[in-house]
Amino acid sequence: MLDTFDYTLGPGGAVLARAYGDSPVLCLPQTLPGPKGPLPLAGLGGYCFAETVRDKPKGPLLRCVRERDGSLRAVPAEEGQDLHPAAGRFLEEVALPGTLREIGSCAFYNCRALRRITVGSGPLAVGSDVFLNCFELAEVVLEASPDEATGLSALVNNISSNLRAVFRAGGAVQGAFRYPEYWEDIEETPAHILLHTFSGQGYHYRQCFRDGRLLCGEYDAVFAQGHGGDDPAYMALLCLDRLRYPWQLDGEAAGRYRAFLAQQGAVVAAGLIRAQDQEGLRALLDLGVLDGPALAQASASARQAGNAQAAALLADAEYRAAPPKPKRRYTFDDI
């Protein structure tokens, strides 16, 4: 089935109303055919990727299909009645174009299998409950450098669960930042004043932005304030990502991350082995923070998981970490 897109005309370009296709991995085009030429895809309509679209399109509905060579062809809105929506529980990954500037409310409502989205640089306005019930969403990839203005602030403040943000410019990862989950509690006082309290440092990590740009120094300072209420295994992954891609990471913060990672090394290694993340495991071992007992525990985890590649990496790390055996000296008395 060819990818098919329904959209309307908005003030800044095209607004996607619905996408159809037979692949759970969807890449949206930068432009869509308009009455007078190509239009940038500037917005996602409300409930765009939900199983049921509840918002009525604002204006006449246009339709186009993406040919196998990638070209887009406008077709009548009535053409192709038995289309399969790339939406709801079917959708697993979606790449949004760099032209996108607005995501409507509940755009990904109930996309329970969605695990990764890719966005470009530039500002991004995000409506309410955009990722409601997206329980598997764990990673946002930004086609930008960490010092560029992006829509990451709007995205992470719409997601309270664990989320990893990867900055990838020119195909190379330049930075990776974890945002731990947090919980918000609302309590009403006898004077009918609502008190908001937050459990976990995830809320504070999500405030480290200015004018759409990530403030790395403030982000690293949150870790120094304590993390007793956070999942130690996830915080160890946060440390690993900052050390693995040390964008604007100073020596003091790096020391804190290395010390914590040394404490949780066996746990995070076991998690990487279960996820079959060989590159992450190699990055962890290259940091040299795991001592002998931690390496032995990690090796046991690899054997238990039947992960031969991880077991080989750990065996090599154990060999390199082992103290050299003293060389035996021979004398004439040995003859």
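Annotations
- Among the residues of the range 252-287, those that are among the small types (Gly, Ala, Ser) and open to solvent by less than 60 Å² (accessible area, probe 1.4 Å) comprise ALA253, ALA254, GLY255, ALA259, ALA262, GLY265, ALA266, ALA269, ALA270, GLY271, GLY280, ALA283.
- A Cβ distance below 8 Å, combined with a sequence gap of six or more or placement on separate chains, defines the contacts here; from the range 9-25, residues that are among the charged types (D, E, K, R) reach residues that are open to solvent by less than 30 Å² (accessible area, probe 1.4 Å) in the pairs ARG18/PHE5; ARG18/ASP6; ARG18/CYS48; ARG18/ALA87.
- Scanning the range 54-78 for residues that are open to solvent by less than 60 Å² (accessible area, probe 1.4 Å) and in a loop (DSSP other than H, G, I, E, B), we see that the one that is nearest to PHE108 (Cα to Cα) is GLY59.
- Any chance TYR47 is farther than 20 Å from GLY120 by Cβ and under 22 Å from the mean Cα position of the chain (by Cα): yes
- Qualifying positions in the range 142-165 - outside any loop (DSSP other than H, G, I, E, B) and open to solvent by 10 Å² or more (accessible area, probe 1.4 Å): SER153, ALA154, ARG164
- Of all residues in the range 79-118 being in a strand (DSSP E or B) and open to solvent by 50 Å² or more (accessible area, probe 1.4 Å), the one that is nearest to GLY21 (Cα to Cα): ARG116
- All conditions but one from (1) out of contact with any strand residue (DSSP E or B) (no Cβ under 7 Å at 6 or more places or on another chain); (2) modelled with pLDDT of 95 or more apply to GLU92; the one that does not is (1).
- Flag for PRO40 being in contact (Cβ under 8 Å) with a residue 40 or more places away in the chain and over 22 Å from LEU137 (Cα atoms): yes
- Test: residue in the range 119-142 that is closer than 17 Å to GLY21 by Cβ and in contact (Cβ under 8 Å) with a residue 12 or more places away in the chain: no
- Conditions (1) assigned to a strand (DSSP E or B); (2) in contact with a helix residue (DSSP H, G or I) (Cβ under 8 Å, 6 or more places away or on another chain); (3) modelled with pLDDT of 95 or more; (4) of a type in the set (D, E, K, R); number of the one not met by ASP220: (1)
- Taken over the range 182-215, residues that are part of a strand (DSSP E or B) and modelled with pLDDT of 75 or more amount to 7.
The values are calculated or read from the model by the stated rules, or taken from the named source; none is laboratory data. Please read these numbers as outputs of a predicted model, since none were measured by experiment. Note that we place each Cβ from the backbone using ideal geometry, even for glycine, and neighbour counts take in every protein chain shown. The protein model used for the area step is the full one, side chains on, heavy atoms only, and it has no ligands, DNA or RNA in it. Shrake-Rupley method; radii C 1.70, N 1.55, O 1.52, S 1.80 Å.
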